[in-house]
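All of the numbers you see were taken from the coordinates with simple rules; none came from a lab. Remember, predicted model here, so these are calculated numbers, not experimental data. So basically every Cβ, Gly included, is an ideal-geometry build from the backbone, and we count neighbours across all protein chains shown.
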Amino acid sequence: MNVQKQNHSSEQQEQILKDQKKQRKASYQNLMLSVSSILLFFFIWEMVALLKLVPEHYLAPPEAIFRLLIIKIHDPNPDGAVLTVNILSSLQISFTGFIAAILIGVPLGWLMGWYRVVDSVVNPIFDIVRPIPPVAWIPLTIVWMGVGLKAKATIVFLSAFIPCVINSYTGIRQTNPVLIHVGKTCGASDFTIFWKIGIPSAMTMTFTGIKLAIGNAWSTLVAAEMLAASSGLGYMILQGRNFGRTDIVMLGVLAIGIIGTIIITLFSHLENVVLRWKRK
Amino acid sequence: MEQTEYKVRVEHLTKYFGDLHVLDDISFNIRKGEFLCVVGPTGCGKTTFLNLLTRIIAPTSGELYIDGIPADPKKHNLAFVFQEPSAMPWLTVEKNLRFGLEIKKIPKDEADRRVEEILKLLGLGDFRNFYPHQLSVSTAQRIIIGRAFIMHPDLLLMDEPYGQMDIKLRFYLEDEVIKLWKELKSTVVFITHNIEEAVYLADRVLILTNKPASIKEEVIIDLPRPRDVVDSKFIAYRKYITDQIKWW
Ligand SMILES: Nc1ncnc2c1ncn2[C@@H]1O[C@H](COP(=O)(O)OP(=O)(O)OP(=O)(O)O)[C@@H](O)[C@H]1O
Ligand SMILES: [Mg+2]
């Protein structure tokens, strides 16, 4: 009987290993497809530019943008800062606002979802703030805080904060009641159940919220930098437009897209580690 | 002092959900180390009855004593195998087993010893680092049963733990529960609406009536273990209980 059981389990283990191998192969294929599609996109763009289907001052070819990228790394003209400074400035602002939004928004959502008192106190205010588009805060924050890091980080914070709260709230509300009962029968206190059962249950939704928050933070940042800044990618784009330099604008746009993708990808990896217990 | 012989005393337990009268004046006792089965029709209030025992919900009236003290999950050591799957999906098999032990603050070395014991009894050592979704339904349910027995509970409550399973698995898991019960000398209340299962497992069977449920009859199963489902005495018990509930 025991021998049989052992066999059974090693079989199951083998199956799992096989599945993992299959998954790895599939993800490799997906990666190749994605790379090809990006290359094709640049190729078509280059063709459109080379054949002059669109005038050059409307659409710079990719290789010109690439050359500009190399130049912009050491040349602060025309917007007044080299590319890396712009990128770092943008990252610094968005991370400040974004991390603050996670640190405050996620626990607040959990507490509101778990404790009715917190919900009753916070929810009315939250309901009023929620529908306000983050960019609507820009004029007010300029008046209050000027155009420095604090002002822009505050705008980013407001945009990232909302999805963090909503999703953590919804996530913890969806905790399976049976699991809560398991905690109760063990004699766990309400706080222990919140901590050991509620929060892990809310994790999936919380990550969804944080990912939405990244998107919000990044797009709001660019808007904020266009309105009130002296460096940053949004500022660089705006200056490119003022100087009639389409290539600078496009470099800025591409940099925003690529950095955004990198951040989301890094974050998805973190998510896979934290939520490794989930069925794929 | 007859009371002290009993592990659990249930006195005049009554429950209403609003106007819905679910349980009507239920009283009985459970001896230490007894295996008690409760059978009753679907929806008669069996789950409600167990939830009252663990204080997940409060009774309308009546009281439940464990070792002479009103039952309280914080003081007593209770364990529950729920009708629905209830493994923590984010914990590995081993951590699921440890869950209750950590809440009860069982010292580390004692917890380690118990985890190894249960993994060995259930033959689940190879799965200790697996997550529940990687296991078959029956293996996942064995984890839940292990998680209950590992508490060495004063009172172990099982709510139709094998409801969803086929006959072969059922037999296998029924033997597993008997093995754990004997090894760890737990006191068990096991709910089922499968009469054969009740006769196979129980020292004593409580038959509940339709809603509002009260105790219709109590049958002591005086058969040696391991039991044989085709033995004539076994069949006689099964028939008798079936006859008592014909009018369902
Ligand atoms: N929280 C509740 N609020 C209101 N009514 C409830 C509640 N819980 C259960 N009931 C009702 O009480 C009755 C008994 O339910 P219960 O789940 O205890 O039955 P059961 O015997 O366990 O049924 P099953 O055989 O399906 O498991 C049902 O009519 C149910 O609708
Ligand atoms: Mg039930």
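Before moving on, here are some points about what is shown:
- With the biggest extent put first, the Cα atoms of chain B measure 48, 41, 38 Å across the principal axes.
- When only the Cβ of Lys, Arg, Asp and Glu is charged (+1, +1, -1, -1), the dipole of the protein assembly as shown relative to its Cα centre reaches about 820 debye.
- Ranked by the mean number of other Cβ atoms within 10 Å per residue, highest first, peptides A:129-138, A:27-36 order as A:129-138, A:27-36.
- Our compactness index for the protein assembly as shown, the C-alpha radius of gyration over the empirical 2.2 N^0.38 Å, is 1.34.
- The alpha carbon convex hull volume per residue for the range A:120-172 rounds to 85 Å³.
- Counting Cα-Cα pairs of the range B:77-135 in 5 Å increments starting at 0 gives whole-percent bin shares of 4, 18, 26, 27, 20, 5, 0.
- The range A:73-172: radius of gyration and largest Cα-Cα distance (Dmax), Å: 16.8, 56
- When each full DSSP H helix of chain A is screened for a Cα extent of at least 27 Å along its own axis and an average Kyte-Doolittle hydropathy of at least -0.5, the helices passing are A:2-50, A:83-114, A:149-173, A:199-227, A:246-274.
- Cβ-defined net charge surrounding A:Gly187, 13 Å radius [Lys, Arg +1; Asp, Glu -1]: +3
- Across the range B:1-109, the mean sequence separation of Cα contacts (distance under 8 Å, 6 or more residues apart), normalised by length, yields a relative contact order of 26 percent.
- Between the residues B:Thr192, B:Pro70, B:Ala87, the greatest Cα displacement towards the positive end of the dipole of the protein assembly as shown, with unit charges on the Cβ of Lys, Arg, Asp and Glu, is found for B:Ala87.
- The mean count of C-beta atoms from other chains within 10 Å of the C-beta of residues in B:92-105, rounded to a whole number, is 2.
- Checking every one of the trypsin sites (Lys or Arg not before Pro) in the range B:157-206 against DSSP loop status and a limit of 13 other Cβ atoms within 10 Å picks out B:Lys185.
- Gyration tensor (alpha-carbon) shape descriptor, chain A, a/c threshold 1.5: oblate
- Spatially proximal lysines relative to B:Lys15 (Cα-Cα < 30 Å; intrachain offsets below 8 disregarded): A:Lys184, B:Lys7, B:Lys32, B:Lys46, B:Lys74, B:Lys75, B:Lys104, B:Lys211, B:Lys216, B:Lys246
- Relative contact order (%) - criterion: Cα under 8 Å, at least six apart; region: chain A: 21
- Of the chymotrypsin sites (Phe, Trp or Tyr not before Pro) found in the range A:38-75, the ones in coil according to DSSP and having at most 14 other Cβ atoms within 10 Å of their Cβ are A:Tyr58.
- Taking a Cβ cut-off of under 11 Å around B:Ser61, the surrounding Lys, Arg, Asp and Glu residues balance to a net charge of -3, with basic ones at +1 and acidic ones at -1.
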